[in-house]
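The values are calculated or read from the model by the stated rules, or taken from the named source; none is laboratory data. Remember, it's a predicted structure, so these values are computed and weren't measured experimentally. Cβ: placed from backbone, ideal geometry, glycine included. Neighbour counts: every protein chain shown.
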Amino acid sequence: MNDSPSRGRVKPQDATKSQDPTWRVFYTHARAEKKSYERLEQAGIQSFLPTYASFNTWSDRKKRIVQPLFSNYIFAHVNERDRLRVLQTQGIAYCVKLGARFAELSEKEIQQIKITQQDQENIVQWSYSMPQPGETVSVTQGPMKGLKGEVLRHNGASYVVIRLESIRQAVRVLVPADWIVRVSERMENA
C-alpha cells in the first residue's frame with residue numbers, strides 16, 4: 001500500500017484554513033464596482049467597497065459624485081467556498097493574485113480604510129507611482145519574469161524596452177504595469 005498522500009487530497013489543516021474567512025481582493029469589470037457590491041450584499045456575502053466623494057462642476061450646476069476609491073477593486077470577507085461564489089457574481093472578473101497566492105488584506109488594513117470612509121470628501125485617490133519612462137525595471141511575474149529593461153511609457157500597461165547596444169537594436173515588450181518593479185542602482189550594478 002502506498003503511504004504517500006494522493007494528489008488533490010486536502011490535508012486537514014489546509015481544509016480548516018480554507019474555511020476561515022479572509023479579506024480577498026476581487027477585480028471587477030469596468031465601472032461595475034457598485035453593482036457588484038450590491039449583488040454580493042444581496043447574496044449575503046460580506047463585502048466592502050470603499051468610496052470617495054468629489055464634485056463635478058458644469059457650467060450650470062455642481063454635483064457631488066461618489067466613486068470607488070480603488071477603481072475596479074472590491075473586497076470580500078470569504079472562505080474558499082464563498083470565494084468561488086463571488087467569482088460567479090455578475091461584474092466580478094477575477095480574484096487578484098500576488099504571485100502564486102490570492103491577495104488578501106488584513107483586518108487592520110480594512111479597518112484603516114473604513115476610518116477614511118467617515119469623511120469621504122477629504123480623501124483623494126492616490127496610487128503608488130508607476131515607473132516613469134527611462135527608468136530601469138525588472139519583470140516580476142508572467143512569461144517574461146526576470147527580464148530587465150527600460151520603461152518606454154505606461155497607460156495601465158508598460159512597455160519594457162530591451163536595448164542591444166552592440167548592434168543598435170531594441171525590442172519592445174508589452175508587460176502589465178503591476179508585473180514590473182523599479183531596479184535599484186545597487187541591483188543593476190550587481
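Of the residues making up segment 98-108, those that are surrounded by 12 or more Cβ atoms within 10 Å (Cβ to Cβ) and at pLDDT 85 or above are PHE102, ALA103, GLU104, LEU105.
Given the criterion in a loop (DSSP other than H, G, I, E, B) and at pLDDT 90 or above, identify the matching residue among GLN111, GLN125, GLN90. Steps first, please.
Details: GLN111 fails: in a loop (DSSP other than H, G, I, E, B); GLN125 fails: at pLDDT 90 or above.
Answer to the selection: GLN90.
Residues being assigned to a helix (DSSP H, G or I) and either out of contact with any Cys (no Cβ under 8 Å at 6 or more places or on another chain) or exposed (fewer than 12 other Cβ atoms within 10 Å of the Cβ) (or both) are represented in segment 62-81 by at least one member.
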